[in-house]
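Below: the structure, in structure tokens.
The values are calculated or read from the model by the stated rules, or taken from the named source; none is laboratory data. The model shown is predicted, which means the values in this text are computed figures rather than measured ones. We place every Cβ from the backbone using ideal geometry, glycine too, and count neighbours over all the protein chains shown.
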Amino acid sequence: MKVLTAKSAGFCWGVQRAVRKARELASRQDTGTLFTDGSLIHNAELMHQLESEGICRWDGHSPLDSGTLIIRAHGIPPSRREALGRLSVRLEDATCPDVARIQALIRRHARKGYHIVIFGDPGHAEVVGLEGYAEGNGHVVASAADVEKLPAMSPVCLVAQSTQLPDTYQTIIQAIQQRFPDAVILDTICNSTRNRQSELIELARQVDAIVVVGDAHSANTVRLAELARTLRPTHHIQTADQLKPEWFNGCRTAGLTAGASTPDFVIAAVRTRLESMP
Ligand code: SF4
């Protein structure tokens, strides 16, 4: 089968930066044991690979009194940063600068008295981190229906988790503007997410089916698969061995894309398997 691969498939610059930082630290003699605070990025295959290189995921509970702890690409709330600062470990920050920018925008508006509405996945690491910067005045919404349930408040500032779909954000913006006409609306979906989604729309025009590769916990991969399903028959997989030949009966060309945290070696294995199919 012919396979067209999206140029943007795989690591975004924020993930590349976090992984490079972890590997650079691992190559040094002065860092002691290296841990990541939770998953550095949302990809089980890469986390296994990093573990084999001596970079281990800290569960947040086990005693930790030496070594180096890397803050994940998704960022963390200020309260957690303070708590980690009290541990006897060296802290290294791998927060994606695009996420750090949203954190700074939230903090700036919260300090001016704004109530911050965050459009995002409740409980997702980035969203938990962002909410922490709202200084107690944050509200997470996942849908326009959630906007209806918000209390009366003013002034209001709306931001989005960096990996949301622009079209869905637009429906949230409309719902916010109806309820809070003077709300400040900030465009916080990152360029990497926008490019990846635009390229997928273009790719879909040339293929019969789409394969989206990435971890089920990766917000941007889940969004990518959501978008793909509106365009072509879509299969979201994590690894090549999950591909089933019968999915592609009658299919001449498959489109391949991947989330921002999917390593190249996983994408290459999927591509090879797809190309071997009749
Ligand atoms: S998807 Fe965007 S915000 Fe998230 S790590 Fe990548 S560049 Fe940063």
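Laid out as a table, the results:
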read-out	value
Single residue of G75, G113 found to be within 14 Å of the ligand (Cβ to nearest atom), closer than 28 Å to V184 by Cα and assigned to a loop (DSSP other than H, G, I, E, B)	G75
Residues satisfying the stated conditions in the range 18-41, i.e. among the charged types (D, E, K, R) and either buried (at least 16 other Cβ atoms within 10 Å of the Cβ) or touching a Ser or Thr at 6+ places or on another chain (Cβ under 8 Å) (or both)	K21, D37
Residue under evaluation D241, criteria (1) part of a helix (DSSP H, G or I); (2) surrounded by 12 or more Cβ atoms within 10 Å (Cβ to Cβ), criterion not met	(2)
Failed condition for A44, given (1) surrounded by fewer than 18 Cβ atoms within 10 Å (Cβ to Cβ); (2) within 18 Å of the chain's Cα centre (by Cα); (3) at pLDDT 95 or above; (4) away from the ligand (no atom under 13 Å from the Cβ)	(3)
Among (1) within 23 Å of Q197 (Cα to Cα); (2) surrounded by fewer than 21 Cβ atoms within 10 Å (Cβ to Cβ) - the single one C96 does not satisfy	(2)
Pair list, Cβ under 6 Å, 6 or more apart: the range 79-95 residue assigned to a strand (DSSP E or B), other residue not aliphatic (A, V, I, L, M)	R90/T68; E92/T68
Index of the failed condition, R179 passing every other in (1) under 30 Å from H115 (Cβ atoms); (2) within 16 Å of the ligand (Cβ to nearest atom); (3) modelled with pLDDT of 95 or more	(2)
All positions within the range 182-197 that are within 11 Å of the ligand (Cβ to nearest atom) and more than 17 Å from A9 (Cα to Cα)	T188, I189
Any hit, the range 157-166, residues being under 30 Å from A240 (Cα atoms), outside the structural domain of T253 (by TED's automatic domain parsing), in a helix (DSSP H, G or I) and not hydroxyl-bearing (S, T, Y)	yes
Test: residue in the range 78-86 that is under 30 Å from I172 (Cα atoms), outside the structural domain of Y169 (by TED's automatic domain parsing), in contact with a Lys or Arg (Cβ under 9 Å, 6 or more places away or on another chain) and surrounded by fewer than 20 Cβ atoms within 10 Å (Cβ to Cβ)	yes
